There are 2 protein chains.
Amino acid sequence: MNETLVLTPERILEVTEDVLRRYGLAKATVVDVARALDVSHGSVYRHFPSKASLRQAVAKRWLDRFNAPLQKIVDASGPAPARLERWLRTLFANKHKKLSDDPEMFATYLALAQEACQAVSSHKECLCDQVERILADGVKQGAFEIADVKATSRAVFDATIRFHHPAHSEEWNDAGLAARIDAVLALLLRGLEAPGKR
Amino acid sequence: MNETLVLTPERILEVTEDVLRRYGLAKATVVDVARALDVSHGSVYRHFPSKASLRQAVAKRWLDRFNAPLQKIVDASGPAPARLERWLRTLFANKHKKLSDDPEMFATYLALAQEACQAVSSHKECLCDQVERILADGVKQGAFEIADVKATSRAVFDATIRFHHPAHSEEWNDAGLAARIDAVLALLLRGLEAPGKR
């Protein structure tokens with residue numbers, strides 16, 4: 001058997017997602033994953049030494065998928081205030097979309113993420129780093145006045161938690177959500193603004 | 001029996017709290033409450049027609065207790081920015097204290113509140129109204145510049161949700177919490193500031 005030659009971690013994670021979708025988190029096993037891949041479960045364990053490590057990797061992969069479109073906004077040029085607003089709105093929209101597209105898988109991933117603390121905290125760190133880069137650009141551009149860019153990037157993240165943290169996902173269907181987002185973003189952008197820019 | 005003459009709703013709620021503390025939410029019954037009051041359970045039902053209505057009233061009473069110290073800050077005179085900061089810090093501190101003083105009762109009340117949606121939403125409305133009063137004062141004083149005071153008061157409430165919503169109570173023990181609160185409050189206060197006040 002030279003199955004391991006083609007059996008990449010990425011391929012295992014892809015199939016694990018399918019298996020989770022079909023069987024649900026409680027019932028899906030590594031044997032199901034191996035069967036779906038048409039390999040022995042030992043081959044899966046060669047890449048992920050335990051069921052826990054496989055689940056953590058699935059959670060990490062799901063969280064990482066949020067980063068790419070956001071990173072593009074960080075890397076784009078242009079005025080920082082507009083980029084910050086776009087970054088935040090994209091984060092909210094992508095989280096809300098994941099929930100509305102497939103509420104069951106959202107719940108599955110949420111449960112996985114609750115086990116995978118390490119993956120979640122690096123996800124948050126990464127998002128705060130992205131905000132930090134936009135804020136630093138804004139200071140250079142003279143658009144923002146910020147004493148502590150690192151602390152403030154976390155403050156922007158914390159102050160918008162209602163719109164991106166899954167603990168609040170039940171409130172994402174509120175009729176007034178868009179207006180509430182607008183009000184918070186306006187307040188934060190004003191709080192960052194350099195004097196004389198208003 | 002003239003027990004109902006002295007059996008006030010307030011007295012029933014007080015004793016219900018004791019009973020919940022002793023037996024826990026899952027086991028406590030209306031009969032336990034009646035026994036602790038030394039009355040028949042019919043007497044309790046005369047004031048609270050169902051177990052659900054009793055539980056809702058307990059949740060409401062718990063939530064209402066947060067309001068009094070905050071209302072004092074609303075009614076005080078003095079510069080609105082300092083009052084807003086004090087109001088928010090008092091809200092956070094009182095929620096965090098409730099959790100650290102008695103984590104079991106905090107969990108009990110949280111479960112009760114999740115059933116008592118109506119009580120929770122009027123609690124939130126009341127808190128937002130209090131913020132609105134302080135913001136309106138700040139506009140009159142020339143300290144704040146705010147286009148829509150109602151929407152902005154809700155934005156202040158939403159932007160600080162990490163520090164007062166029980167869904168985030170697991171994060172209230174973070175070593176860095178005080179610094180995170182400082183950073184969010186500084187950002188929000190700057191966002192409310194009238195130009196030329198900086």
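For a straight C-alpha distance cut-off of 18 angstrom, the lysines reachable from B:LYS72 (same-chain residues fewer than eight places away being disregarded) are B:LYS95, B:LYS124.
Between A:ALA194 and A:ASP18, full extension at 0.36 nm per residue minus the direct alpha carbon distance yields a gain of 58.5 nm.
Its convex hull of Cα atoms gives chain B a direction-averaged projected area, equal to a quarter of the hull surface, of 12.7 nm².
Across the copies of the chain, A:ASP182 has label points (7 Å from Cα along Cα→Cβ) spaced 3.6 nm apart, shortest distance listed first.
Sum -39500 (n - 2.57) across every DSSP H segment of at least 4 residues in chain A, then divide by the residue count to get the 222 nm mean residue ellipticity, nearest 500.
Values: 10 runs with 145 residues, N = 198.
Counting only the DSSP helices, I get -24000 deg cm²/dmol.
Each other copy holds its own label point for B:LYS97; taking that point as 7 Å from Cα along Cα to Cβ, the gaps run 4.6 nm, nearest first.
What's the average, rounded to a whole number, of partner chain beta-carbon atoms within 10 Å of each residue's beta-carbon in B:168-177? Please report the intermediate quantities before stating the final value.
Values: counts 5, 0, 1, 3, 0, 0, 0, 0, 2, 0.
Counting other chains' Cβ atoms within 10 Å and averaging over B:168-177 gives 1.
Ranked by how many other Cβ atoms sit within 10 Å of their own Cβ, fewest first, the residues A:ARG11, B:ARG55, A:ARG61 fall in the order A:ARG11, A:ARG61, B:ARG55.
Go through A:16-24, B:179-187 and give me the packing order, highest mean Cβ count within 10 Å leading.
On the way: A:16-24: 16.6, B:179-187: 19.4.
Result, highest mean Cβ count within 10 Å first: B:179-187, A:16-24.
From the square roots a ≥ b ≥ c of the eigenvalues of the alpha-carbon gyration tensor of the protein assembly as shown, which class results: rounded (a/c under 1.5), prolate (a/b over b/c), or oblate? Here the protein assembly as shown falls in the oblate category. Here B:ASP102, B:ASP32, B:ASP158 are placed in order of increasing Cβ neighbour count within 10 Å, fewest first, which gives B:ASP102, B:ASP32, B:ASP158.
With Cα atoms defining each centre, the stretch A:142-198 and the stretch A:2-49 are spaced 40 Å apart in the structure.
A short reminder: the numbers here are calculations on the coordinates, not readings from a lab. Predicted, not measured: the structure shown is a model, and the values here were computed from it. As a convention, Cβ positions derive from the backbone with ideal geometry for all residues, glycine included, and neighbour counts pool all protein chains shown.
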